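Comments concern the structure below.
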Amino acid sequence: MAFECVLRAWHDHQAELRHFLLGRLKEPALSDDLLQDVFLKAMREGQSFCELENPRSWLFRVARNALTDSHRLRKTWVPVSDHLPDNRGDIADPVTGLAVCIRAVLPALGNEDRDILEACDLGPLSQDEYAVRKDISLPAAKARIRRARERLRNELAHRCNVITDSSGKVCCHSAVGD
């Protein structure tokens, strides 16, 4: 069902709307697509469009919103060569070098801490398996590993100058100190 007021407003403002969209997009096909979307929205408004005081203002507001949406959704594609150099080896991962420091610090921990860390974090056991082997409850095993990790973290910070970023990830460290 066509509404005369929509058709009349469209007839009066279509060229001006198209010029507005074309001036911002510089692409006639995309401008015409957005212009069609504006017209369809006006038709969907139906009788409430006819009750608007300023249909021109409404049409331009919908056109600006459609323009904003199209900019937001538009993706720019950049061609990428199939043969890119692999520069990942150039950047040293601070965690990789930390293994030496961990091995040097482990003996400084207590036997219980060292045992659970070597079994669960450095070894093949899960916390469940560790709890069964040591005949302790799973919550007790989780508490032990949490405390052992905390003591290891403190020892690493002290002996290896481990520094973490705001999210808790290791960003850098130095060689094992005395």
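Remarks
- In order along the stretch 135-152, the Karplus-derived 3J(HN,Hα) couplings, from 6.51 cos²θ - 1.76 cosθ + 1.60 at θ = phi - 60°, round to 6, 10, 6, 4, x, 5, 5, 5, 5, 4, 5, 5, 5, 5, 5, 5, 5, 5 Hz, and Gly and Pro are given as x.
- Cα-centred dipole magnitude for the stretch 92-172, charges only on beta-carbon of K, R (+1) and D, E (-1), debye, nearest 20: 180 debye
- Hull volume in cubic angstrom per residue (convex hull over the Cα atoms of the stretch 92-172): 97 Å³
- Percentage relative contact order, the chain, counting C-alpha pairs under 8 Å, at least six apart: 16 percent
- Taking the longest Cα principal axis of the chain as reference, the axis of helix 28-45 is set at about 80 degrees.
- Cα-centre dipole for the stretch 4-70 with unit charges at Cβ (Lys and Arg positive, Asp and Glu negative), debye to 20: 180 debye
- When the Cα gyration tensor is reduced to axis lengths a ≥ b ≥ c, the ratio a/c is 1.5 or higher for the stretch 4-70, and with a/b above b/c it is classed as prolate.
- Crossing angle, helix 55-73 versus the chain [Cα axis fit, 0-90 degrees, rounded to tens]: 30 degrees
- Taking amide hydrogens as placed 1.01 Å from N in the peptide plane, the amide H of Cys172 sits under 5 Å from those of Ile163, each at least 5 positions away in sequence or on another chain.
- To the nearest ten degrees, helix 94-105 and the longest principal axis of the Cα atoms of the chain are 20 degrees apart.
- Binned Cα-Cα distances of the chain, short to long, each 10 Å bin given as a whole percent: 8, 21, 13, 8, 8, 11, 17, 12, 2
- Helix content alone sets the calculated 222 nm mean residue ellipticity of the chain: runs of n ≥ 4 DSSP H residues at -39500 (n - 2.57) each, divided across all residues, give -20500 deg cm²/dmol.
The numbers here are math on the coordinates, done by the rules we state, and not lab data. From a predicted model like this one, the values you see are computed outputs, not experimental measurements. Neighbour counts run over all protein chains shown; Cβ positions are idealised from the backbone, glycine included.
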